[in-house]
Amino acid sequence: MFTFLSNKKLHPFLYVLLAASLISLFLSFFVWSNYYSSVYKIQKFGMDVYVINELGFDVSSEAMHFGYVPPGARALKHVNISVNDIRTLVTIETEGNISQFVYVSDNDFIMEPHETRKIEVAVAIPKNTKLDSYYNGIMTVILRKI
């Protein structure tokens, strides 16, 4: 049936396959344990912007509402990130159709215990963006102990 199993010796290919499987399993566990298990806090912020031919501000603090921004302009918001008594790696991710316009002043940085950092989050709308458009998404701030 299986010719490589017909004699008593294992085929050398099986040794290579077994070694590659064990290495892959070990690396997967290592990445998971060092990356995902160290997360101790996740904060999510809604984001949105309306592209129209006038400028309008939204001063609410419940989300990153950038208001009305014309093509070729940008809007700026700030978020304060604070950590307690843990040395922390901060990662900021964005998703949604607004992501193509979002710029963050600092990302993938280390914060020392009891530090607070003010991060600028901007949307820059290209000149060729269609008027009367609405873009939204989520900004996620991930805090990992290191």
- Note on the structure: Lys41 meets each of (1) part of a loop (DSSP other than H, G, I, E, B); (2) closer than 19 Å to Lys118 by Cβ; (3) at pLDDT 90 or above with one exception, condition (1)
- Query: For region 45-98, what are the residues that are part of a strand (DSSP E or B) and touching a residue at least 60 places away in the same chain (Cβ under 8 Å)?
  - Reply: Phe45, Gly46, Met47, Asp48, Val49, Tyr50, Val51, Met64, Val79, Ile81
- Query: Based on what the data block shows, is Ile92 aliphatic (A, V, I, L, M) and closer than 13 Å to Ile138 by Cα?
  - Reply: yes
- Task: Kindly establish whether Phe30 is without any contact (Cβ under 8 Å) to a residue 12 or more places away in the chain, of a type in the set (Phe, Trp, Tyr) and surrounded by fewer than 16 Cβ atoms within 10 Å (Cβ to Cβ).
- Result: yes
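So is Ile146 farther than 26 Å from Pro71 by Cα, β-branched (Val, Ile, Thr) and surrounded by 12 or more Cβ atoms within 10 Å (Cβ to Cβ) or not? Let's see the steps before the verdict.
Details: farther than 26 Å from Pro71 by Cα: yes; β-branched (Val, Ile, Thr): yes; surrounded by 12 or more Cβ atoms within 10 Å (Cβ to Cβ): no.
Against the criterion (farther than 26 Å from Pro71 by Cα, β-branched (Val, Ile, Thr) and surrounded by 12 or more Cβ atoms within 10 Å (Cβ to Cβ)), Ile146 does not qualify.
This table checks each residue for (1) at pLDDT below 95; (2) polar (S, T, N, Q); (3) over 17 Å from Tyr135 (Cα atoms).
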residue: Leu5; (1), (2), (3): yes, no, yes
residue: Leu55; (1), (2), (3): yes, no, no
residue: Val69; (1), (2), (3): no, no, no
residue: Val83; (1), (2), (3): yes, no, yes
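The values are calculated or read from the model by the stated rules, or taken from the named source; none is laboratory data. Note that this is a predicted model, so its numbers are computed, not measured. Note that each Cβ is placed from the backbone with ideal geometry, even for glycine, and that neighbours are counted across all protein chains shown.
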